[in-house]
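Data first, discussion second: the structure below is written as structure tokens.
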Amino acid sequence: VDINRSEALDWESLPGIGPYYASKIIEFRERLGGFYSKDQVQETWQLPDSTFRKILPYLQESPIMRFIDLNDVDIPTLANHPYLTWKDAKLIVRYRQQHGRYLFIEDLLNIHAFDSSYLNRVMPYFQVKQTAPPITSGVGS
């Protein structure tokens, strides 16, 4: 079962997964923007550890489906991500407002309220789209 592309019936084919857990796994995956690791499936609300251990050998990883652009996101959208709080979202957006556009995802390390283990968990969901430099005609230079 592809952790990011499988539908409810695919999940339900796994041992111990019925319609309830299939819908919970998919709902959590959608809120995240995709799973970057099979282990994240275990974080699904109320999924028993014993059930997760049964399905783990059947899970296949694939790329995350949806990223958040740090330069084009607002506080409510960020705060809706399961790994971020409202306070986290405000810090990320305020940093951008005070220091300008993020150039690299690693710029988040400059926000001292976040430690590296926390950032390692959330950074796979972010991207920084580069803006094209202004085109100059070269005339008169």
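The values are calculated or read from the model by the stated rules, or taken from the named source; none is laboratory data. Quick caveat, the model's predicted, so the values are computed rather than measured. Methodologically, a virtual Cβ is constructed for each residue, glycine included, from the backbone with ideal geometry; neighbour enumeration extends over all protein chains shown. Only protein heavy atoms, including side chains, enter the accessible area calculation; ligands, DNA and RNA are left aside. Shrake-Rupley method; radii C 1.70, N 1.55, O 1.52, S 1.80 Å.
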Task: Condition met for A22 (open to solvent by less than 20 Å² (accessible area, probe 1.4 Å), in contact with a helix residue (DSSP H, G or I) (Cβ under 8 Å, 6 or more places away or on another chain), farther than 15 Å from Y125 by Cβ and in a helix (DSSP H, G or I)) - done: yes
Task: Considering residues of the stretch 29-48 that are hydroxyl-bearing (S, T, Y) and touching a residue at least 24 places away in the same chain (Cβ under 8 Å) only, the residue farthest from P63 (Cα to Cα) - done: S37
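Taking the condition out of contact with any His (no Cβ under 8 Å at 6 or more places or on another chain) and under 12 Å from S6 (Cβ atoms), does Y36 pass? Before the answer, list the steps.
On the way: out of contact with any His (no Cβ under 8 Å at 6 or more places or on another chain): yes; under 12 Å from S6 (Cβ atoms): no.
No, not satisfied.
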Open item on the list: For the condition at pLDDT below 95, more than 24 Å from Q130 (Cα to Cα) and out of contact with any Pro (no Cβ under 9 Å at 6 or more places or on another chain), what is the one hit in D2, D115?
Closed with: D115
TODO: Report the residue count in the stretch 8-28 for those that are aromatic (F, W, Y) and touching a residue at least 40 places away in the same chain (Cβ under 8 Å).
DONE: 1
Open item on the list: I'd like the full set of residues that are in a helix (DSSP H, G or I) and in contact with an Asp or Glu (Cβ under 9 Å, 6 or more places away or on another chain), limited to the stretch 33-43.
Closed with: K38, Q42
